[in-house]
Amino acid sequence: MKKFAIVFGCFAGTLLSSTFLPGQSVAQPPGKVAPAKVIAAPPTDREIAEAKAKGLVWTNPTTKVYHKGGDFYGKTTSGKFMTEADAIKQYYRPSPDAMKETAKQAGAAPPAAKAVTISSKKK
């Protein structure tokens with residue numbers, strides 16, 4: 001019985017040593033360190049104003065949404081400026097604010113509600 005316990009203990013120790021321990025990365029083999037992410041500084045108010053003057057949109061790669069203006073323009077934690085055409089080519093979708101801005105620029109009015117008449121007469 002002691003031989004079984006010793007063999008099992010050695011086997012269990014081998015399994016534990018081959019599993020991931022806290023601090024190890026699944027993507028990186030032991031001994032290699034993943035490169036640190038470089039976090040870009042958010043754009044300054046001047047850069048935001050210049051981009052807006054050029055007609056650029058602010059893209060958010062996390063949500064794949066682009067902003068033409070509003071509270072999130074140049075303010076999300078990650079993102080960059082690009083043309084609207086480039087954003088669409090890269091499968092970004094317009095934010096609700098961008099859709100409102102596009103409708104306002106085109107002079108389009110919101111769709112009117114259709115009147116529905118309910119009749120109680122049987123035909």
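The values are calculated or read from the model by the stated rules, or taken from the named source; none is laboratory data. As the structure is a prediction and not an experimental result, all values here were calculated from the model. As a convention, Cβ positions derive from the backbone with ideal geometry for all residues, glycine included, and neighbour counts pool all protein chains shown.
For residue 64, the conditions (1) modelled with pLDDT of 80 or more; (2) exposed (fewer than 10 other Cβ atoms within 10 Å of the Cβ); (3) not hydrophobic (A, V, I, L, M, F, W, C) are fulfilled apart from (2). Which numbered condition in (1) at pLDDT 60 or above; (2) surrounded by 11 or more Cβ atoms within 10 Å (Cβ to Cβ); (3) not in a strand (DSSP E or B) is the only one that residue 31 fails? Of the numbered conditions (1) at pLDDT 60 or above; (2) surrounded by 11 or more Cβ atoms within 10 Å (Cβ to Cβ); (3) not in a strand (DSSP E or B), the odd one out for residue 31 is (2). Could you grab me the full set of residues in region 77-103 that are more than 22 Å from residue 47 (Cα to Cα) and exposed (fewer than 12 other Cβ atoms within 10 Å of the Cβ)? Answer for region 77-103, where residues must be more than 22 Å from residue 47 (Cα to Cα) and exposed (fewer than 12 other Cβ atoms within 10 Å of the Cβ): 89, 91, 96. Selection over region 41-59 of residues that are outside any loop (DSSP other than H, G, I, E, B) and either within 16 Å of residue 101 (Cβ to Cβ) or in contact (Cβ under 8 Å) with a residue 60 or more places away in the chain (or both) gives a count of 8. Taking the criterion of being modelled with pLDDT of 90 or more, surrounded by fewer than 14 Cβ atoms within 10 Å (Cβ to Cβ) and either in contact with a helix residue (DSSP H, G or I) (Cβ under 8 Å, 6 or more places away or on another chain) or not in a loop (DSSP other than H, G, I, E, B) (or both), would at least one residue in region 68-76 satisfy it? No, region 68-76 has no match at all.
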